[in-house]
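Undergrad: One structure, as structure tokens, below. Some questions next.
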Amino acid sequence: MARPKIALIGAGQIGGTLAHLVALKELGDVVLFDIAEGTPEGKSLDIAESGPVEGFDASLKGTQSYSDIAGADVCIVTAGVPRKPGMSRDDLLGINLKVMKSVGEGIRDNAPDAFVICITNPLDAMVWALREFSGLPHEKVCGMAGILDSARFRHFLSVEFDVSMKDVTAFVLGGHGDTMVPLTRYSTVAGIPLPDLVKMGWTTQEKLDAIVQRTRDGGAEIVSLLKTGSAFYAPAASAIEMAEAYLKDQKRVLPCAAYVDGAYGLDGFYVGVPTVIGAGGIEKIVEIKLDKEEQAMFDSSVGAVKGLVDACKGIDDSLA
Ligand code: A3D
């Protein structure tokens, strides 16, 4: 059987890291697309030349032509611009919306059967726009954010508790922004919920609140350290987990920006929720019962995303 074909649209910091991970994990052959001439070709060749050392079998091709992504099984979209210090994700909306239009049309015309994972910010609005421009089925277009936000939460918790991050689970709902909702009662160490760990004296409520806030600010913390762009190692690893779940029909339960129609009181809207990812794409939305406070946080997060979607409609008439 031929190896899966994985198209990476955008060959910047995340795109290059994605290509490297796909090759190292032998998930498939890579087509790296970017409008910047030479960048995808150079990164593809560099990674291919590491193949004999690492011992992976994967072919990599850099391109400026959408026809090269024809028949791709997975497309991961990072095309656009990232944040610089002082910018919010929402500041990227106007410029990245135009990019989503050309990318969405490129996927529609060349890889309509692909599972599409969007990473470009502001995430929840861009995945909505990308779906609109591409016209692909909703269950085949989703956004990566929840795995990254949960991974940041898990990392901070494992450091606080001095336990392996393998035994820490975390649950983050809502949009990928300052209003994201890390749910402490569904986050655990080896099954013990965080509120119980506070009662057991493992940490204090104040420390836990500070970790929740640091998780919300996780992207900005990296931007302020790097100064020239945003995080890329952890975002790439997170998107690879989603691609692998699809390609291997793993039925993984993963949080991602998915189209929610009916659950959580939403009627046809992209926002971060727990999902099941398998060969059918987003096969299920996992709906949990929120308490009053969690519901209020979720509603405010949904409201923030709705504002961005409305802004997209105001910029591009074809979306209205
Ligand atoms: P960067 O290294 O600048 O790469 C972006 C690439 O997109 C560049 O190589 C550009 O040449 C290319 N590009 C621009 N316009 C087009 C186009 N029309 N078609 C094809 N390629 C194009 O950025 P990055 O890789 O660090 O980040 C990419 C995106 O991911 C940004 O929007 C970030 O804000 C976003 N991001 C999201 C998360 C999430 O958790 C959702 C995390 C980190 C970054």
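The values are calculated or read from the model by the stated rules, or taken from the named source; none is laboratory data. Everything quoted here is computed from the prediction, not taken from an experiment. Virtual Cβ from ideal backbone geometry, glycine too; neighbours counted across all protein chains shown. With ligands, DNA and RNA removed, areas are computed over all heavy atoms of the protein, side chains included. Shrake-Rupley method; radii C 1.70, N 1.55, O 1.52, S 1.80 Å.
Undergrad: Could you list, in sequence order, the residues of region 251-284 that are open to solvent by 20 Å² or more (accessible area, probe 1.4 Å) and touching a Pro at 6+ places or on another chain (Cβ under 7 Å)?
TA: V253, P255
Undergrad: Which helices (runs of 4 or more DSSP H) sit wholly inside region 178-229 and have at least 3 residues that are within 18 Å of G146 (Cα to Cα) and not aliphatic (A, V, I, L, M)?
TA: Fully inside region 178-229 and qualifying: 205-216, 218-226.
Undergrad: In this structure, is V172 over 19 Å from P235 (Cβ atoms) and either in contact with a helix residue (DSSP H, G or I) (Cβ under 6 Å, 6 or more places away or on another chain) or within 16 Å of the ligand (Cβ to nearest atom) (or both)?
TA: Values: over 19 Å from P235 (Cβ atoms): no; either in contact with a helix residue (DSSP H, G or I) (Cβ under 6 Å, 6 or more places away or on another chain) or within 16 Å of the ligand (Cβ to nearest atom) (or both): yes.
Here the answer is no, as V172 does not meet what is asked.
Undergrad: Looking at region 289-303, I want the residues that are aliphatic (A, V, I, L, M) and have a partner that is not in a helix (DSSP H, G or I) with Cβ atoms under 6 Å, at least 6 apart or on another chain. Which pairs are those?
TA: So the pair list comes out as M297/V181; V302/V271.
Undergrad: Then there is this: Which is under 19 Å from the mean Cα position of the chain (by Cα) and within 11 Å of the ligand (Cβ to nearest atom), of M100, M87?
TA: Values: M87 fails: under 19 Å from the mean Cα position of the chain (by Cα).
Answer to the check: M100.
Here is a yes/no grid of residues against (1) within 13 Å of the ligand (Cβ to nearest atom); (2) touching a Leu at 6+ places or on another chain (Cβ under 9 Å); (3) farther than 29 Å from T228 by Cα:
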position	(1), (2), (3)
G15	yes, yes, no
L18	yes, yes, no
A23	no, yes, no
E37	yes, no, no
G42	yes, no, no
L45	no, yes, no
A70	no, no, yes
A79	yes, no, no
